[in-house]
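Colleague: Sending over a structure as structure tokens; questions will come in a sec.
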Amino acid sequence: MSLRPSTRTEVRQNRYKVAVDADEGRRRREDNMVEIRKSKREESLQKKRREALQAQQFPPTVLSSTTEKKLESLPSMVAGVWSDDGSLQLEATTQFRKLLSIERNPPIEEVIQSGVVPRFVEFLVREDFPQLHHPSPSVLVPALRTVGNIVTGDDIQTQAVIEAGLIGPLVNLVQNAEFDIKKEAAWAISNATSGGTHDQIKYLVSQGCIKPLCDLLVCPDPRIVTVCLEGLENILKVGEAEKNLGNSGDYNMYAQMIDDAEGLEKIENLQSHDNNEIYEKAVKILETYWLEEDDETLPSGDGSQQGFQFGGNDPSVPSGGFNFS
């Protein structure tokens, strides 16, 4: 079943007829995608081998002596976070961010058990409650990074963040904050989609995360575009699973929601992005969640090889592009 309105399909067909090199471009892209898939599979296998080796060498329950030493400061860090002094809040929150940024076995569980997650929620929502003593604006960035690191843990740790009421404020910041704050909140949401269960990702969607992630696809920072694409891809995987289970009829409901949020058009435009990683991810998402459905509903004959304009020559892209850099 196509998720694209018939009028858009007709426009795409007309464009194809006048693109003399469309067939060749499509073939090149298909060949490229085969190589990408092979590379991704090999990369995934190597990653699994490395993780298995690391798990044997470094049991996750054993904290390094350096981490244990840092945890000795945990009581004073907790006190600083709960302090009414903005400078102490900033210092302690930054310490938590650094503590959770260590590469191997960050003490996520210890931080959650210290009881500071609800305080980070307060830092993120105080804009809505001016009667509270507002922390220094600079506290927001390390607070967001700390939260973003917490949700890289297991699904139980992600659930602790959800139960602390953190997702709603994150979505609000992605929608309404200044860009430096938006991008940190987008990182946190994307991290939550990467390790969350299907139910947890469905909860993220219910809190309105799709639209702001789609909106950021036109931002000038390629790292944030990549982060948002990864988050949307993780959401689409859950939508596909729901479709296969028969829970959403015969279509991917999250693909429809992304289309409704103007995300599909933005993803299509990313095929002409200068950043190759962004281009490859956009092509992969389109091929996986939209191309086949459009092909199945196109009329026979010259419509059998339509799909998306993978040549990057789509005349709908504005002159000068979207100022990607």
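The values are calculated or read from the model by the stated rules, or taken from the named source; none is laboratory data. None of these values were measured; they are calculated from a predicted model. Ideal geometry is used to build each Cβ from the backbone, glycine not excepted, and the neighbour counts take in all protein chains shown.
Colleague: Within region 192-209, can you find the residues that are of a type outside the set (Phe, Trp, Tyr), in contact (Cβ under 8 Å) with a residue 24 or more places away in the chain, surrounded by fewer than 22 Cβ atoms within 10 Å (Cβ to Cβ) and in a helix (DSSP H, G or I)?
Modeller: Ser194, Gly195, His198, Gln200, Lys202, Val205
Colleague: Next up: Kindly indicate whether Glu163 is among the charged types (D, E, K, R), surrounded by fewer than 19 Cβ atoms within 10 Å (Cβ to Cβ) and at pLDDT below 90. Step through it out loud before you land on a result.
Modeller: Values: among the charged types (D, E, K, R): yes; surrounded by fewer than 19 Cβ atoms within 10 Å (Cβ to Cβ): yes; at pLDDT below 90: no.
Considered against the rule, which asks whether it is among the charged types (D, E, K, R), surrounded by fewer than 19 Cβ atoms within 10 Å (Cβ to Cβ) and at pLDDT below 90, Glu163 comes out as no.
Colleague: Same structure again: For Glu268, state whether it is at pLDDT 95 or above, within 18 Å of Leu217 (Cα to Cα), surrounded by fewer than 16 Cβ atoms within 10 Å (Cβ to Cβ) and out of contact with any Ser or Thr (no Cβ under 6 Å at 6 or more places or on another chain).
Modeller: When the stated conditions are applied, Glu268 does not pass them.
Colleague: State all residues of region 99-123 that are free of Cβ contacts under 8 Å to residues at least 24 places away in the same chain and either in a loop (DSSP other than H, G, I, E, B) or within 23 Å of the chain's Cα centre (by Cα) (or both); if no residue qualifies, say none.
Modeller: Of everything in region 99-123, just one residue is free of Cβ contacts under 8 Å to residues at least 24 places away in the same chain and either in a loop (DSSP other than H, G, I, E, B) or within 23 Å of the chain's Cα centre (by Cα) (or both), namely Glu103.
Colleague: Moving to a separate point now. Can you report the number of residues in region 75-91 which are in contact with a helix residue (DSSP H, G or I) (Cβ under 7 Å, 6 or more places away or on another chain), among the aliphatic types (A, V, I, L, M) and closer than 11 Å to Ser114 by Cβ?
Modeller: Count: 2.
Colleague: With respect to Val317, determine if the residue is among the β-branched types (Val, Ile, Thr), surrounded by 15 or more Cβ atoms within 10 Å (Cβ to Cβ) and modelled with pLDDT under 95.
Modeller: Working: among the β-branched types (Val, Ile, Thr): yes; surrounded by 15 or more Cβ atoms within 10 Å (Cβ to Cβ): yes; modelled with pLDDT under 95: yes.
When the stated conditions are applied, Val317 passes them.
Colleague: Only one of these conditions is not met by Ala255: (1) closer than 17 Å to Phe123 by Cβ; (2) in a helix (DSSP H, G or I). Which number is it?
Modeller: (1)
Colleague: Let me ask another. Can we say Asp250 is modelled with pLDDT under 95, out of contact with any strand residue (DSSP E or B) (no Cβ under 9 Å at 6 or more places or on another chain), among the charged types (D, E, K, R) and closer than 17 Å to Tyr289 by Cβ?
Modeller: Criteria met by Asp250.
Colleague: Mind listing whichever residues of region 119-160 are under 22 Å from Ser87 (Cβ atoms), among the polar types (S, T, N, Q) and modelled with pLDDT of 80 or more? Break it down into steps so the answer makes sense when it comes.
Modeller: If we filter region 119-160 for residues that are under 22 Å from Ser87 (Cβ atoms), which is where we start, we get 119-127, 129-147.
The next check asks that each one be among the polar types (S, T, N, Q); those that pass are 131, 136, 138, 146.
Correct list: Thr146 only.
Colleague: Another question, if that's okay. I'd like to know if region 240-254 contains one or more residues that are in contact with a Gly (Cβ under 7 Å, 6 or more places away or on another chain), buried (at least 23 other Cβ atoms within 10 Å of the Cβ) and among the hydrophobic types (A, V, I, L, M, F, W, C).
Modeller: no
Colleague: Right, next: Hey, among Ala192, Ala188, which residue is within 10 Å of the chain's Cα centre (by Cα), more than 19 Å from Ala261 (Cβ to Cβ) and small (Gly, Ala, Ser)?
Modeller: After ruling out the rest, the residue left standing is Ala188.
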